[in-house]
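Worksheet for the structure shown next.
Read-outs: derived from the displayed coordinates by stated rules, not from any lab. Everything quoted here is computed from the prediction, not taken from an experiment. Because the Cβ atoms are built from the backbone with ideal geometry, glycine has one as well, and the counts that use them run over all protein chains shown.
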Amino acid sequence: MNASGGDLTYTIKASTFDPSVITFQSLTNAVPFTDVVAMGSPSELNRYTFEVSTNAKYVDFEVKPLNGDVALAVSRTPLGTDYSTDRPGITNELIRVARGSQPVSLTNGTWYISVINSSTNAVAFEVTATEHEIGEIDLLLDNSSFTNLAVVGFDDYYKFNVTSNMQSITFDVKTPSGSPAILTKLDVFLTKGLPLPGASNFVLRGVRLLPGGISLQILLPDQANTVLPSEGDWYLSITNNNGSRSITA
């Protein structure tokens, strides 16, 4: 309705949008793709796809800008925004989606990634999607830490090679928050050699050695001096019993 009191001339247009005509660049697992997102108003964006396998536990979607500010969005649908991050400045952006993540759990199939230009200039960047698989075994190195995501329903496995000159070894598991309450949701098991450790197969189990301690530890030799370090491959498993929430450990 025209409430101006006089005649008005205007233009009306109806347009349809076909997502099938959008160009998506496919990403290869763990291989950075270098690209440039143009400047524009509203913000320009580049679109990508990544195929998640049936064996994926979680996927890290990451963008590293080189000369400007960008935002990152990830979705299960071509035009959705299930997850997004936009930290200010020339800052790396990371979105981690796991089995059981909210609001949308990781599932196998095609996932859609958008890199959005938040700057007033064209921005060069690297975008990467890295899949972490169920049951993969990560190598632990002496005096080096390893950060991982303990996903509900799936165990994490690690291998540590003990050499003949190692007389004592400490396996130490912490959470970023340092919360003793969160640690009670984790189980840590150790065994020498295969099969992999778990609740029904272990020689030692992680415990908090100090009341209110902020880490779970396994010591070799153990406190009773019954399990001694011996040369060869030792395996560690971490289980999240948190019910529904993933834990970074």
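In terms of packing, defined here as the mean over residues of other Cβ atoms within 10 angstrom, the peptides 196-207, 217-228 line up highest first as 196-207, 217-228. Please list, by residue number, everything in region 125-143 whose backbone N is under 13 Å from a paramagnetic label point 7 Å out along Cα→Cβ of M166. In region 125-143, the label zone of M166 (backbone N under 13 Å from the point 7 Å along Cα→Cβ) covers 139-143.
Amide H contacts of S119 (H built 1.01 Å from N, in plane; Pro and chain starts excluded): D69 sit under 5 Å, all sequence-distant by 5 or more or on other chains.
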